[in-house]
Every structure is written in structure tokens, then in C-alpha cells.
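This report refers to the structure that appears directly beneath it.
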Amino acid sequence: MDKKKLIIRPRRYGAETTVISLRLPKDMIKVIEDIATTTGRTRNEIMVMSLEYALDNMEIEEK
């Protein structure tokens, strides 16, 4: 099975934002920070793009 890649594109959502609290493993945060540094994006931008990708590619299994 081919592994899909996350492609960094311009922002898709331009609406008003809301602050939420989210607990993540420290090693995941390190990976996100490394990607942000490499791509010149903010950590928040990388997380939003990752969530957009997940929502676009999510498949919900029925019981």
C-alpha cells in the first residue's frame, strides 16, 4: 500500500479562529516543531494542515 504524503499548501480556512487546548505526546510535538522549522511554517499551521488532511482522508467504519 502506498503511503500518502502530507503536501504543504496555502491556507484553506480563512475564517475566525478559536483557541482550544490539546494534549500531545512530547515526541509528537518535537516532530511538529521540526517540520515547522524545515518548512518555514508555524507549529499551528502544521497542526491545522495535518488536521485538514486527516478530515479529508478520514474513513469511518460502521459497526
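Where the second residue is charged (D, E, K, R) and the first is over 15 Å from residue 11 (Cα atoms) and lies in the range 48-63, which pairs have Cβ atoms under 9 Å and are six or more apart or on separate chains?
Within 9 Å, the pairs are 57/4.
Yes or no: residue 24 within 13 Å of the chain's Cα centre (by Cα), of a type in the set (A, V, I, L, M), surrounded by 10 or more Cβ atoms within 10 Å (Cβ to Cβ) and at pLDDT below 85?
Numbers: within 13 Å of the chain's Cα centre (by Cα): yes; of a type in the set (A, V, I, L, M): yes; surrounded by 10 or more Cβ atoms within 10 Å (Cβ to Cβ): yes; at pLDDT below 85: no.
Spelling it out, it is not the case that residue 24 is within 13 Å of the chain's Cα centre (by Cα), of a type in the set (A, V, I, L, M), surrounded by 10 or more Cβ atoms within 10 Å (Cβ to Cβ) and at pLDDT below 85.
The values are calculated or read from the model by the stated rules, or taken from the named source; none is laboratory data. Quantities reported herein were computed from a predicted structural model and do not represent experimental measurements. A quick note on method: Cβ atoms are made from the backbone with ideal geometry, for glycine too, and the neighbour counts reach across all protein chains shown.
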